[in-house]
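*Asks:* Input: one structure, supplied below.
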Amino acid sequence: MGMGVDIRNMLARRAAEEIQNGMVVNLGIGIPSLVPNHLNKDIRVMFHAENGITGMGPTPRKGEEDENLCNAGGFPVTLNPGGSYCDSATAFAMIRKGRVNITILGSLQVSEKGDLANWIVPGKRVPGMGGAMELAQKAKKVIVLMNHCDKNGMPKIVKRCTLPLTSSSCVDLIITELAVFKVIDKGLQLTELFSPYDLNEVIKKTECEFTISENIRRVSY
């Protein structure tokens, strides 16, 4: 089941709250690419892409796209002052060296232990793994933005991933249209609920068990 524009922007806005001054942040394709549009103007960061850009800005206005400037998904982006281009080998070297503070990715499944499954399913016409395997292992913080359930209504937050793993025990934060979960030593902890959803709805649509924060936050964007 797809997401409407408003929900996609809501998830991107929530993810932007995790970004602090001075960070290098890698953005996956899809919803993560909307994050620069919601960044606080007082925050100065360098958005990174595996195809060789560091310093991406917001999505360009219609008619102002530069055909030579795109993110790893091939969609047009802008470049902030101080931004730079490099080859993909250098971009990946930054990842492998641990220079990326946060990576924000989409996913097909996330397990209660923070295992990530977000790459190609054999026989299906979906994008391949890209740099997700290295980002999941080397970025200092891994944030997943995704639908709570798949197009068939099945939970994407599961006890164990049934799809091929990208990386194990790597996810730190999960943000869906229903809620926000932290991955902690004991499993998943529900920390936020998005209006108008309630706890019963989240329990019903989450395959695994989870704990609930004592200071759960109610969010309405």
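*Asks:* Which one of Asn51, Asn152, Asn101 has the biggest mean-square fluctuation once the chain is modelled by GNM with Cα springs under 10 Å?
*Replies:* Asn152
*Asks:* For region 94-109, take each phi angle, set θ = phi - 60°, evaluate the Karplus expression 6.51 cos²θ - 1.76 cosθ + 1.60, and give the result in whole Hz per residue in order, putting x for glycine and proline.
*Replies:* 4, 5, 5, 7, x, 7, 8, 6, 9, 10, 10, 10, x, 7, 8, 8
*Asks:* Provide Tyr85, Tyr197 ordered by accessible surface of protein heavy atoms (probe 1.4 Å), highest first. Let's see the in-between values first.
*Replies:* Values: Tyr85 140, Tyr197 70 Å².
From most exposed to least exposed: Tyr85, Tyr197.
*Asks:* I'd like the distance between the alpha-carbon centres of region 8-86 and region 162-200, rounded to an integer number of Å.
*Replies:* Answer, in whole Å: 24.
*Asks:* Follow-up question, since we're still on this one. Leaving ligands, DNA and RNA out of it, report the carbon-plus-sulfur percent of the accessible area of region 9-86 at a 1.4 Å probe.
*Replies:* 49
*Asks:* Compute, for Met133, the solvent-accessible surface of its heavy atoms (probe 1.4 Å) with the complete set of protein chains present, and express it in square angstrom to the nearest 10.
*Replies:* The accessible area of Met133 comes to roughly 90 Å².
*Asks:* Grab the DSSP H runs of the chain that are 4 residues or longer, score each as -39,500 (n - 2.57), total them, divide by all residues and round the 222 nm result to the nearest 500 deg cm²/dmol.
*Replies:* Values: 4 runs with 34 residues, N = 221.
Dividing the helical sum by the residues of the chain leaves -4000 deg cm²/dmol.
*Asks:* Then there is this: How do His38, His148 rank by accessible surface area computed with a 1.4 Å probe, from largest to smallest?
*Replies:* His38, His148
*Asks:* Skipping prolines and chain starts, which residues have an amide H placed within reach, meaning under 5 Å, of the one on Cys149, given they are 5 or more residues away or on another chain?
*Replies:* Counting only residues 5 or more places away or on other chains, the set is Lys156.
*Asks:* Still on this structure, please answer the following. HN-Hα J couplings of region 197-211 from phi, Karplus 6.51/-1.76/1.60, θ = phi - 60°, integer Hz, Gly and Pro as x?
*Replies:* Along region 197-211, the couplings run 7, 10, 4, 4, 5, 5, 4, 4, 9, 10, 6, 9, 7, 8, 8 Hz.
*Asks:* Could you sort Lys113, Lys159 by their accessible area in this structure, using a 1.4 Å probe and putting the largest first?
*Replies:* Ranking Lys113, Lys159 by accessible area, largest first, yields Lys113, Lys159.
*Asks:* Additional query: Round to the nearest 10 and report in Å² the accessible area of Asp150, as given by a 1.4 Å probe over the protein chains' heavy atoms.
*Replies:* Number for this one is 50 Å².
*Asks:* Could you run the Karplus curve 6.51 cos²θ - 1.76 cosθ + 1.60 with θ = phi - 60° over region 81-91 and give me ³J(HN,Hα) per residue in whole Hz, x for Gly and Pro?
*Replies:* x, x, x, 8, 10, 8, 7, 5, 4, 5, 4
*Asks:* Considering only DSSP beta bridges whose two residues both sit in the chain, what percent are antiparallel, to the nearest 5?
*Replies:* Antiparallel: roughly 50 percent of the beta bridges in the chain.
*Asks:* Could you count how many Lys pairs in region 1-142 have their Cα atoms under 26 Å apart, skipping same-chain pairs fewer than 8 positions apart?
*Replies:* Close lysine pairs under the 26 Å cut-off: 10.
*Asks:* Under a GNM of the chain (C-alpha, springs under 10 Å), which listed residue has the highest mean-square fluctuation: Cys86, Cys161, Cys170?
*Replies:* Largest GNM mean-square fluctuation: Cys86.
*Asks:* Running a GNM on the chain with Cα contacts under 10 Å, which residue among Glu112, Glu17, Glu64 ends up with the highest mean-square fluctuation?
*Replies:* Judging by the Gaussian network model, the answer is Glu64.
*Asks:* Find the accessible area per residue for region 59-181; the probe is 1.4 Å, ligands and nucleic acids are left out, and the unit is Å².
*Replies:* Roughly 53 Å² per residue, with all protein chains present.
*Asks:* Please report, as a whole percent, how much of the solvent-accessible surface of region 109-221 comes from carbon and sulfur atoms (probe radius 1.4 Å).
*Replies:* Taking all protein chains in place, region 109-221 shows 48 percent carbon and sulfur surface.
The values are calculated or read from the model by the stated rules, or taken from the named source; none is laboratory data. The model shown is predicted, which means the values in this text are computed figures rather than measured ones. These area figures cover heavy atoms from the full protein model, side chains too; ligands, DNA and RNA do not enter into them. Shrake-Rupley method; radii C 1.70, N 1.55, O 1.52, S 1.80 Å.
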